[in-house]
Each structure stands twice: as C-alpha cells, then as structure tokens.
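Novice: First, the structure itself, so that you have it in front of you.
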Amino acid sequence: MSLGATRVKYEQWFLDEQKNLLYLSAPKYFMQQLCRFRLCNTMLTCYQHTIDRRERTCILCEREEIEDEKHLVFDCSAYAQLRIVPKWEQLFELISSFDGPDSAKMKSFMNQDNQEDLSSFIHHLLRMRKAKLDMFHHHELLCESEHLSDTSSDHFLPTNPRLDDFNSD
C-alpha cells in the first residue's frame, strides 16, 4: 500500500478533527496500540508488500478477505469472542444499525466518545492476533518438521479465549 493510499485510508477511517484525543486516561500501552492502529502502523497482512495484493488475505478465518483494520474489527471470525465481551459490546451496539459505506462505519466506530474502552479493545484485539498467529506459525513448523500434509487444519486455534483475561484491565 503506497503512502498516498495509507493517508487516504487514515482520513476516511480514522480522522475526526472535532475530537481531541490527547488527554485520555487509558494506560499508555493501550494508547500506543490505538495510535499505531489509527496510523496503519501494524503488521497486518495488507501492509506486507512482499506479498501480492490478492494474496494478503486473513489466514485466521475462512472469509478470504484482505486482512486490514476493518476486517479485524468487524468481520474476522477469529475475534468474534472479543466483540461480545460486555466491556466492549457497547462499542458495537452504537454502530450496529449503521447504514452506510464501510469507510464511514469504520470512522464512526473509531471516533466514538468512549476512546478509553476503544483503546482497550484495540489493544486486546492486536494481542489476540499475535497469539493466534504465533500458534498458527508454530503449527506450520510442526507440520513441516513432521512432514504432515494437512497444514490447512485449524484445530490448533483456540475457539474460546479466556474472556476473564479481557475483563480485568
């Protein structure tokens, strides 16, 4: 993704000039993750330029969509459990009836008044992504070392993360 495309995405999905987000009471590491997420400074597949654009799909779900911020927040089944954690459920309720383009939906979600809970959600979303990818790659290595042919199986991915981990920040 070029610098120009990244800037357009930022302006369409994240920028809200009416909000002053500098004085939030969320922990520093939550805010760092939220800033990285807003600035498209993550290791999402959509930013891995060594991979052909059509191949930058999410490996953690069956949707075969490009793995970008919108996919993680709204669409990826690998993070469905996070979306229903009571602490963050209200973030999604506010936009559940949203009828508009995806870019406007993402912008509304990212610019909600409750930025502290939003930063907590994004932090845990990226933390869960890293853990799932680590398990995925570990499984791939095991399959290679044992010369197994079925590397597409997802039985190694946790289907029910410990939700208690996400209720105590």
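Novice: Scan around residue 57 for amide H atoms under 5 Å from its own, H built in the peptide plane at 1.01 Å from N, and keep only partners 5 or more places away or cross-chain.
Specialist: Sorted by chain and number, the residues that satisfy this are 67.
Novice: Working out 0.36 nm times the residue gap between residue 93 and residue 108, then minus their Cα-Cα distance, what length gain in nm do you get to one decimal?
Specialist: Taking 0.36 nm per residue and subtracting the Cα distance, the gain is 4.2 nm.
Novice: Based on the Kirkwood radius over alpha-carbon pairs, what is the Stokes-Einstein translational diffusion coefficient of the range 45-88 at 20 °C with 1.002 mPa s viscosity, in µm²/s?
Specialist: The calculation lands on 193 µm²/s.
Novice: Right, another one. Can you sort 119, 96 from fewest to most other Cβ atoms within 10 Å of each residue's own Cβ?
Specialist: In order of increasing Cβ crowding within 10 Å: 96, 119.
None of the figures in this text is laboratory data; all of them are computed from the coordinates on show. Note that the coordinates shown come from a computational prediction; the quantities given were computed from them, not determined experimentally. Cβ atoms come from the backbone with ideal geometry, glycine included; neighbour counts cover every protein chain shown.
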